[in-house]
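Worksheet: the structure to be examined is printed underneath.
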Amino acid sequence: MRVLFVTGEYPAMQGGVGDYTRRLGQSLGELGADVHVLTHVDAGGDHLRAPSAAYEPTVYTQLDRPGWGLWRHVNDAVTELRPEVVHLQYQSAAYGLHPAVNLLPMRLKLRRERPLILTTFHDLKFPYLFPKAGPLRWQSVLALGRSSDACIVTNPPDWLRLRDAGLGEKLRPIPIGSNIRCEPPPGYARQVQRARWGAHPSEWLLAYFGFLNASKGGESLVQCLAELVRRGAPARLLMVGGKIGSSDPTNAAYLAKVERLIEELGVGDRVQWTGFTASDEVSANLLAADCAVLPYREGASLRHGSLMAALAHGLPIVSTALDGVSAEALEHFPMLQDGENALLVPAGRTDQPRVLADAVIRLMTDADLRSVLAARAGLLSRRFEWEAIAQGHLLAYGGLGVNV
């Protein structure tokens with residue numbers, strides 16, 4: 001079986017969707033699939049953070065700018081490779097917010113011999129279209145789902161929204177996994193790694209992992225640190241990984257806002273940034289931390305690779321609760337549960353920094369609680385292993401008639 005992934009980003013570009021696509025391609029290849037990837041011209045080269053594997057997809061770096069040229073590149077690749085499946089990795093920002101990807105399945109269906117078309121919705125953000133496009137933007141997302149033969153959905157809120165829009169029969173719930181293996185460099189020593197970032201053994205080293213953008217609660221995180229310092233807690237914050245990524249241009253403005261807030265609150269000496277590093281260094285930095293603090297504005301959704309990485313490293317987690325998810329949706333996805341495998345505070349509260357600080361203090365002053373949450377986080381992470389994710393994709397392809 002031959003699969004062609006289409007993605008707007010891929011290593012060594014910085015971005016979770018690119019890392020996900022590579023890990024999924026590796027895992028499918030190890031199960032016998034012939035995987036090809038059509039992606040951006042900036043991809044390839046030194047795969048910094050991506051892990052090595054027994055199988056590597058064949059990569060074509062041809063997408064040079066957002067626009068309708070995407071159709072030509074995909075059509076040419078389909079003609080040359082003749083894949084049974086074209087699988088779109090959808091994140092609108094990775095395609096420059098251009099609607100060409102949203103209408104791509106309709107275009108491919110004009111072919112006399114067309115492959116099956118699947119779309120993984122990494123988010124439900126819509127393209128720009130034109131000024132005052134209004135509801136048409138959401139309709140462009142629905143058009144992508146309706147014209148695909150099946151849709152992979154990674155988390156309960158997106159599953160609910162697409163189901164309620166009439167796409168229930170096309171939805172296949174398959175969560176993402178961690179793009180970072182729990183594999184630090186040879187000779188890793190936890191105290192040495194902590195000391196590298198100025199963390200004394202008696203200090204609390206809090207970790208945040210992932211790019212900064214408005215949806216991930218960077219301001220609340222910094223305000224939480226300032227509140228901890230105000231209360232006399234020996235807390236430090238390690239910002240693990242690259243700052244803004246390769247795809248979303250709004251991230252740079254938000255980063256500047258967070259950096260100004262760090263200075264205004266006087267906690268600059270307690271915040272360290274690792275920058276974009278190799279995956280084994282990311283692993284070392286996560287293992288060096290005492291807990292992860294991930295105050296996502298919309299709750300701890302399974303779409304976040306940073307959350308998956310924290311679970312995979314057995315970190316006790318303080319995050320935000322995911323509200324409004326029905327029991328029906330939860331049947332399809334394993335989830336974080338407050339007090340069971342994480343500490344969850346309400347999302348969107350005006351006093352969130354104080355509530356986050358309360359949770360961090362509770363965690364860091366209760367060694368038994370830390371131990372329990374760390375162990376259960378590790379157990380939960382097994383539900384997101386890549387072989388199981390790849391098997392789920394093979395079932396989705398086979399269910400559409402592909403000989404897998």
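A few points about this structure:
- Residue in the range 11-20 that is closer than 24 Å to ARG107 by Cβ and in a helix (DSSP H, G or I) present: yes
- Some residue of the range 51-67 being outside any strand (DSSP E or B) and among the basic types (Lys, Arg): yes
- Filtering the range 279-301 to residues that are open to solvent by 40 Å² or more (accessible area, probe 1.4 Å) and not in a helix (DSSP H, G or I) leaves ARG297, GLU298.
- No other residue among LYS132, LYS125 is of a type in the set (Lys, Arg) and either under 20 Å from ALA43 (Cβ atoms) or touching a residue at least 12 places away in the same chain (Cβ under 8 Å) (or both) apart from LYS125.
- Cβ separations smaller than 6 Å between residues 6+ apart or across chains give the following pairs from the range 217-229 residues that are of a type in the set (S, T, N, Q) to residues that are not in a helix (DSSP H, G or I): SER220/PRO295.
- Among the residues making up the range 46-65, a single one is modelled with pLDDT under 85, aliphatic (A, V, I, L, M) and buried (at least 20 other Cβ atoms within 10 Å of the Cβ): ALA50.
- Long-range neighbours under 9 Å by Cβ, at least six apart or interchain, first residue under 13 Å from TYR60 (Cβ atoms) and at pLDDT 95 or above within the range 32-45, second crowded, with 23+ Cβ neighbours inside 10 Å and among the charged types (D, E, K, R): VAL37/ARG22; THR39/GLU9; HIS40/GLU9
- Tally of residues being over 27 Å from ALA374 (Cβ atoms) and of a type in the set (S, T, N, Q) across the range 319-336: 1
- Helices (runs of 4 or more DSSP H) (entirely within the range 302-376) containing at least 2 residues that are modelled with pLDDT of 95 or more, in contact with a strand residue (DSSP E or B) (Cβ under 9 Å, 6 or more places away or on another chain) and over 30 Å from THR21 (Cβ atoms): 352-364
- Complete set of residues in the range 132-147 that are closer than 24 Å to LEU116 by Cβ and under 22 Å from the mean Cα position of the chain (by Cα): VAL141, LEU142, LEU144, GLY145
- Yes/no for LEU379 being within 24 Å of ARG161 (Cβ to Cβ), touching a residue at least 24 places away in the same chain (Cβ under 8 Å), among the aliphatic types (A, V, I, L, M) and open to solvent by 30 Å² or more (accessible area, probe 1.4 Å): no
- Residue match in the range 140-150 (condition: at pLDDT 95 or above and open to solvent by 40 Å² or more (accessible area, probe 1.4 Å)): yes
- Residue match in the range 33-40 (condition: open to solvent by 20 Å² or more (accessible area, probe 1.4 Å) and within 21 Å of the chain's Cα centre (by Cα)): yes
- Of all residues in the range 326-357, those being open to solvent by less than 40 Å² (accessible area, probe 1.4 Å), farther than 25 Å from ARG230 by Cβ and touching a residue at least 24 places away in the same chain (Cβ under 8 Å) number 6.
- Counted residues, the range 162-193 - those being among the basic types (Lys, Arg), out of contact with any strand residue (DSSP E or B) (no Cβ under 7 Å at 6 or more places or on another chain) and modelled with pLDDT of 95 or more: 1
- Among residues of the range 66-76 being open to solvent by 30 Å² or more (accessible area, probe 1.4 Å) and touching a His at 6+ places or on another chain (Cβ under 9 Å), the one that is farthest from TYR90 (Cα to Cα) is TRP68.
- The residue list TYR60, TYR55, TYR95, TYR90 contains one member that is within 25 Å of VAL282 (Cα to Cα) and aromatic (Phe, Trp, Tyr), which is TYR55.
- In the range 219-236, the condition of being modelled with pLDDT under 95, open to solvent by less than 40 Å² (accessible area, probe 1.4 Å) and not in a helix (DSSP H, G or I) is met by no residue.
- Filtering the range 387-404 to residues that are surrounded by 14 or more Cβ atoms within 10 Å (Cβ to Cβ) and part of a helix (DSSP H, G or I) leaves ALA388, ILE389, ALA390, GLN391, GLY392, HIS393, LEU394, ALA396, TYR397.
- Those residues of the range 157-205 which are open to solvent by less than 20 Å² (accessible area, probe 1.4 Å), of a type in the set (D, E, K, R) and farther than 15 Å from ARG303 by Cβ, in sequence order: ARG194
The values are calculated or read from the model by the stated rules, or taken from the named source; none is laboratory data. A quick note: this is a predicted structure, and the numbers were derived from the prediction, not measured. As a convention, Cβ positions derive from the backbone with ideal geometry for all residues, glycine included, and neighbour counts pool all protein chains shown. These area figures cover heavy atoms from the full protein model, side chains too; ligands, DNA and RNA do not enter into them. Shrake-Rupley method; radii C 1.70, N 1.55, O 1.52, S 1.80 Å.
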